[in-house]
Amino acid sequence: MNPGSSGYQIIVAAIIGGLISLFSTWLNNRFQLAREKQQWLRQEESEKQKWYREQLYEVYRKCLSLLTQIEDSPRLGNVTEGIKLLTEAKEYLTLLEINHPNRDSEEFKTLQLLINTYLSEGFENNLYPTGYLKQIIIDLMASDTRINSQ
């Protein structure tokens, strides 16, 4: 075959075209894989945040529920049940305290003081600041951007 013939040029052009096509396919696949990986990471992060938000909401909900039950137990004459509820409430109140995002805020300091006072002395001394404690927890829940942001 003569290097100047049109058959040779067609073969060379086909090889070059094929290589360009393979390269562009490879490049496209590489970028597509990177996009899918980023999308997967974003979705994974979103699912983790959703799970955390749900767990945090459950802690708030459980605290409020237990404090309401504790508040009602002396009126019902069931102090033993109140002590059991207080033991369970300690866990959830401590979780709220540990996971609070702004430990320098006045709300947090008030919550911490109430929790420490209530859990160490409140039930034994017949002090029931549950209404005030519940209101602090409701205020914290309303201002907690971790559960209010979607």
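Structural remarks
- Here the spin labels are modelled as points 7 Å beyond Cα on the Cα-Cβ line, and at N99 and K84 they lie 2.5 nm apart.
- Spatially proximal aspartates and glutamates relative to K50 (Cα-Cα < 13 Å; intrachain offsets below 8 disregarded): E58
- Database remark: amide H of H100 closer than 5 angstrom to no amide H (H placed geometrically; neighbours at sequence offset of 5 or more, or on other chains; Pro and chain starts carry no H).
- A simple rule links phi to the HN-Hα coupling: the Karplus curve 6.51 cos²θ - 1.76 cosθ + 1.60 with θ = phi - 60°, which for region 97-105 gives 5, 5, 8, 5, x, 10, 6, 8, 6 Hz, with x for Gly and Pro.
- Rounded to the nearest 0.05, the FRET efficiency derived from the C-beta distance between T68 and E47 at R0 = 30 Å is 0.40.
- For the set K62/K90; K48/K134; K48/K90; K109/K134; K84/K109, the pairs lying more than 19 angstrom apart at their alpha carbons are K48/K134; K48/K90; K84/K109.
- Once you reduce region 24-43 and region 92-113 to the center of their Cα atoms, the two points are 42 Å from each other.
- Note that region 42-55 has calculated 3J(HN,Hα) couplings of 5, 5, 4, 5, 4, 5, 5, 5, 5, 4, 4, 4, 5, 5 Hz, one per residue in order, obtained from phi through the Karplus relation 6.51 cos²θ - 1.76 cosθ + 1.60 (θ = phi - 60°); glycine and proline are x.
- More than 25 angstrom apart: percent of Cα pairs within region 6-148: 51
Computed from the coordinates by the stated procedures, all read-outs in this text should not be read as laboratory data. Being a predicted model, the structure only gives us computed values, none of them experimental. Heads up, the Cβs are rebuilt from the backbone with ideal geometry, glycines too, and the neighbour counts pull from every protein chain shown.
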